[in-house]
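The values are calculated or read from the model by the stated rules, or taken from the named source; none is laboratory data. On a predicted model such as this, the values are computed, not experimentally measured, just so you know. Note: ideal-geometry Cβ built from the backbone for every residue, glycine included; neighbour counts use all protein chains shown.
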């Protein structure tokens, strides 16, 4: 298990519908208005998507507050991250982190160096200073997966200055951006310098609950946008994702409602988890929670919860976490109540 | 213009709806039954696609007559071709051909060698014999784009034997397979040896008229399937393409009707084009026709036809064709009649 969301592999182990606590999707589901927009649009699949994604980029630009020339789109955020790996000489990333940062570097034959986090899951700036060199690609999840924390603003600026001074490149994977508290916005933070040596990648996948559609996007310098587009494949964003992307970012009501909902359920789950003995739930800025098991292995808890209809994410594929961590999604109240109930029933 | 289908760039030049003769999509449009299957399936986009694409591969396996273990799927045929470029030491391809064969090799830093066709658009076996070495990736369109011809069976077997003897790898891009006359089927031809050193790539894009959905697939040896999957990104086929792929290959009526229709319109257009002076239309096994202009440039004809509402494919991006070739799609009878009428009106 190196990715969540694979319910199909477990459906024979439970008599009923499994509840997916292993992938981190907005529990409110897709914006209501999207259904008509995407699904009554037969014509859009009979033609190629716009090879330049003009309307899609315009919509993303308005949402992010940046120029069209700074925008990249991809078949999920992953495709954009992959293209940056092509560009880099060497890939520096963190551990634990989304495993594809490392894998895509390896696929493209790059040297990959992983830097561990400090004990409280902060980027280890000292280690980074030792390692970072010219044309290195530094990839950091912000917030990071599975640890759940955003980099604090002053710390991020410190890292950014280091990146600039070394002539390296910093790629922030902000796929969970909208779930985090609104203390700062990287897109605005790095706008004044035209995103020199920095790229911010986001995704519609998680927040707008459309993982099946595949839509990632990023904000980078004009020069880097041109460079990355010269490496990319034509039409990689399908036309229904393109159609969706022209609608979802304008749905301010859905966006506000989702943020409020996740904030509320995050507090609820963290409070409930704190009352349970035998585990340590780490603080999070996202819609998932990393949990350390004090007495049991991930396999034992996975099986106990599977018997009760819940699929969670085991975390031993994150090398530094060993076999005693799990990650759970934050879902709707009814499921969260049932999940906590199930967790209380099992031996921890 | 290195790809067709970009009508958006030309819509200001014509007062009305442009007709796309630049991209090669089944003129019958998507299978009728697909609309309900794909478009009433909101739930499918709220979850990740199956990370192993089990049902999709089963459906493709039944359609192709090969085992699930031999099947690769991708975000369009192009993604699979791209992954093979990662694997190769060196890329050998033909010219003229779909430009992405060359570009993907270059993006991945591979040496790319292009072999010209003989005058009658046959693969130049002598040149190939001079060049082909161990771990070369030979990519050939079959039928080739824009020339339109399938490799004859005995010639294909000759090439295949050469590939085997050199320890190279042959990738046949058969994105237009279903449009071609049914004289042989590469999937059956190379089945007995388990597809050793040969991969056959096909696409739902053209024949099933779903370029917006993005669905490519291939049949390769089990070992190569494992290798290529280890290089690929998770969830690259979106869940609506996945859903479509579980339906379309079973729609035998649509498949037969489409083959018959294209055969009929191909004969009609080729006959009509033969009567027109100032151009030479080459024979084709596909749903597009390569045309040599005897007196005019591609730009002149492009503009004359644009004024009449037709967008065609200029061919100078195929280096060896120069500025006096165009490619046109084969569409429905009404459009084809109008297109021929427009062609007769302009000075050739």
Exercise. Would you mind finding the one in A:45, A:51 that is surrounded by fewer than 18 Cβ atoms within 10 Å (Cβ to Cβ), within 7 Å of chain B (Cβ to nearest Cβ) and touching a residue at least 40 places away in the same chain (Cβ under 8 Å)?
Key: A:51
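Just to be sure before I move on: is residue B:127 more than 23 Å from residue B:202 (Cβ to Cβ), part of a helix (DSSP H, G or I) and touching a strand residue (DSSP E or B) at 6+ places or on another chain (Cβ under 8 Å) in the structure I sent?
yes
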Quiz item: Any chance the stretch B:69-85 includes a residue that's closer than 29 Å to residue A:228 by Cβ, within 11 Å of chain A (Cβ to nearest Cβ), at pLDDT 95 or above and more than 20 Å from the chain's Cα centre (by Cα)?
Solution: no
Quiz item: Any idea which of (1) within 23 Å of residue B:144 (Cα to Cα); (2) surrounded by fewer than 18 Cβ atoms within 10 Å (Cβ to Cβ); (3) within 13 Å of chain A (Cβ to nearest Cβ) is the one residue B:95 doesn't satisfy?
Solution: (3)
Quiz item: Looking only at residues in the stretch B:299-320 that are in contact with a helix residue (DSSP H, G or I) (Cβ under 9 Å, 6 or more places away or on another chain) and assigned to a helix (DSSP H, G or I), which one is surrounded by the fewest Cβ atoms within 10 Å (Cβ to Cβ)?
Solution: B:303
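Sort through A:189, A:171 and tell me the only one that's farther than 29 Å from residue A:333 by Cβ and surrounded by fewer than 18 Cβ atoms within 10 Å (Cβ to Cβ).
Just a single option satisfies the conditions, and that option is A:189.
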Practice problem: Give the residue that is surrounded by the most Cβ atoms within 10 Å (Cβ to Cβ), with candidates limited to residues of the stretch A:222-236 that are closer than 19 Å to residue B:238 by Cβ and touching a helix residue (DSSP H, G or I) at 6+ places or on another chain (Cβ under 7 Å). | Solution: A:236
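Hey, does the stretch B:130-151 have a residue that's part of a helix (DSSP H, G or I), without any contact (Cβ under 8 Å) to a residue 40 or more places away in the chain and out of contact with any strand residue (DSSP E or B) (no Cβ under 8 Å at 6 or more places or on another chain)?
So in the stretch B:130-151, the residues part of a helix (DSSP H, G or I) come out as B:130-131.
After this cut, where a residue has to be without any contact (Cβ under 8 Å) to a residue 40 or more places away in the chain as well, the list is B:130-131.
Subset that is out of contact with any strand residue (DSSP E or B) (no Cβ under 8 Å at 6 or more places or on another chain): B:130.
Checked against the condition, which is being part of a helix (DSSP H, G or I), without any contact (Cβ under 8 Å) to a residue 40 or more places away in the chain and out of contact with any strand residue (DSSP E or B) (no Cβ under 8 Å at 6 or more places or on another chain), the stretch B:130-151 yields at least one hit.
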Quiz prompt | Those residues of the stretch B:1-11 which are more than 10 Å from chain A (Cβ to nearest Cβ) and either modelled with pLDDT of 90 or more or surrounded by 18 or more Cβ atoms within 10 Å (Cβ to Cβ) (or both), in sequence order | solution = B:10
Exercise. Kindly provide the set of residues from the stretch B:242-253 that are more than 14 Å from every other protein chain (Cβ to nearest Cβ) and either within 20 Å of the chain's Cα centre (by Cα) or closer than 25 Å to residue B:171 by Cα (or both), ordered by number.
Key: B:249
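Yes/no per residue for (1) assigned to a loop (DSSP other than H, G, I, E, B); (2) within 14 Å of chain A (Cβ to nearest Cβ); (3) free of Cβ contacts under 8 Å to residues at least 40 places away in the same chain:
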{"residue": "B:212", "(1), (2), (3)": "yes, yes, yes"}
{"residue": "B:234", "(1), (2), (3)": "yes, yes, no"}
{"residue": "B:271", "(1), (2), (3)": "no, no, yes"}
{"residue": "B:286", "(1), (2), (3)": "yes, no, no"}
Quiz item: Of the residues B:239, B:258, which is in contact (Cβ under 8 Å) with a residue 40 or more places away in the chain, within 21 Å of the chain's Cα centre (by Cα) and within 14 Å of chain A (Cβ to nearest Cβ)?
Solution: B:258
